[in-house]
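> Sharing a structure with you now.
The values are calculated or read from the model by the stated rules, or taken from the named source; none is laboratory data. Fair warning: this is a prediction, and the values are worked out from it, not measured in the lab. Heads up, the Cβs are rebuilt from the backbone with ideal geometry, glycines too, and the neighbour counts pull from every protein chain shown. In case anyone asks, the SASA skips ligands and DNA or RNA and just uses the protein heavy atoms, side chains included. Shrake-Rupley method; radii C 1.70, N 1.55, O 1.52, S 1.80 Å.
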Amino acid sequence: MEKPIYITIVEQYDKQLVKSVNEKIQEGYKPYENVVLAFSETGIIKSYVQVMMLKEE
């Protein structure tokens, strides 16, 4: 199965996002742009989002 070119990683905690991004880097992806924070209605960080792109070979 072919890998998708564009993926998003969504995690609840920043340390988990770092771990997930590092795993995807090992699979051939690279971060694209900045991390996006999603907030709850009360202003608390709900999730961390990182877009990843498959490196061109």
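> Output ³J(HN,Hα) for the range 38-46: one whole-Hz value per residue in order, computed from phi by the Karplus curve 6.51 cos²θ - 1.76 cosθ + 1.60 with θ = phi - 60°, and x for Gly and Pro.
Working through the residues one at a time gives 10, 10, 6, 4, 8, x, 8, 4, 9 Hz.
> Could you count how many Lys pairs in the chain have their Cα atoms under 14 Å apart, skipping same-chain pairs fewer than 8 positions apart?
Close lysine pairs found across the chain: 7.
> Please compute the net charge surrounding Ile7, taking Lys and Arg as +1 and Asp and Glu as -1 over other residues with Cβ under 14 Å from its Cβ.
Overall, the nearby charge balance is -1.
> Take every Cα pair under 8 Å in the chain that's 6+ residues apart, average their separations, divide by the length, and report that relative contact order as a whole percent.
Reported relative contact order: 44 percent.
> Helix 14-26 versus the longest principal axis of the chain: what angle, 0 to 90°, nearest 10, using Cα atoms?
Once rounded, the angle reads 10 degrees.
> Take the solvent-accessible surface of the protein heavy atoms, probe 1.4 Å, and return the percent of it on the chain that carbon and sulfur atoms account for.
That share works out to 54 percent.
> Only helical DSSP H runs with n ≥ 4 go in: add -39500 (n - 2.57) per run for the chain, normalise by residue count and round the 222 nm mean residue ellipticity to 500 deg cm²/dmol.
-7000 deg cm²/dmol
> Right, another one. Just round it to a whole percent: the fraction of Cα-Cα distances in the chain exceeding 19 Å.
31 percent
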